[in-house]
1. Between residue 11 and residue 94, what's the calculated FRET efficiency when r is the beta-carbon distance and R0 is 45 Å? Round to 0.05.
2. Taking 0.36 nm per intervening residue step and subtracting the Cα-Cα distance, what contour gain separates residue 140 from residue 123 on full extension?
3. Just rank 85, 159, fewest to most, by other beta-carbon atoms within 10 angstrom.
4. For the stretch 103-137 and the stretch 151-172, what is the centre-to-centre distance using only Cα atoms, to the nearest Å?
5. Which whole-number percent gives the relative contact order of the stretch 65-173, counting Cα pairs below 8 Å spaced six or more residues apart?
6. If the chain between residue 77 and residue 62 were fully stretched, how many nm would it gain, using 0.36 nm times the residue separation less the Cα-Cα distance?
7. Hey, fewest Cβ within 10 Å first, where do 89, 67 land in order?
C-alpha cells in the first residue's frame, strides 16, 4: 500500500523505491529517481553511450560501437588474379556500427551456403578477398559476403530474390 510520504512520481500506485527494487522501473544513471520521472536531455537510458537506446532498437546496449544490424555488402565483383579469383565489394550503406568485419563465403551450389559453405576469409576488416581454387570443368562457384558488426546474430549475407534474408552456416575450411 502506498503511503502519502512515499514518492510515486509515475502515479502507478506503487512507491518509486519498490518500482526500483522489483525492476518495474529503471534508474540507469543510479540517481535514485526513476528514469521515467527524470528530465533527461539525453533521452531514454543509453547504457553504452553510442547515442542509441534499447528502447530505440539498439541491438546491444552493452556495446558502444554497435547500434543496429549491418546492411549487406554491395557491388561484389570478381576478377582474375593470376591463378586466383579476386573478390572486391563495398561496405554497407547502413553499417550500424563504427567497425565491420566480413566473412567471404563460397559454395558449389546457389543453395549451398547453409550446409556446404567454405569460408575463404573470416572476420576480415577490408573489402577484398581472394579464392585460390578454381572450380572443376563444367562447375561454378557461388560467393557471398557476410557482414558482421558485433550485434548479436549471424551477420548479414544479403537477401534472396524474394527479399528474405539469406541463411548461412558456420565456416569450415
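1. Values: r = 39 Å, r/R0 = 0.87.
In this case the efficiency is close to 0.70.
2. Values: separation 17, 0.36 × 17 = 6.12 nm, distance 2.45 nm.
My answer for the length gained is 3.7 nm.
3. Working: 85 20, 159 11.
With the sparsest Cβ surroundings first, the list reads 159, 85.
4. 14
5. Values: 247 pairs, mean separation 35.4, N = 109.
For the stretch 65-173, the relative contact order is 32 percent.
6. Numbers: separation 15, 0.36 × 15 = 5.40 nm, distance 3.55 nm.
Extra length from residue 77 to residue 62 when fully extended: 1.8 nm.
7. Numbers: 89 20, 67 25.
Ordered by Cβ neighbours within 10 Å, fewest first: 89, 67.
Since every read-out is calculated from the coordinates, none of them should be taken as a lab result. Model, not experiment: these values are computed from the prediction. A quick note on method: Cβ atoms are made from the backbone with ideal geometry, for glycine too, and the neighbour counts reach across all protein chains shown.
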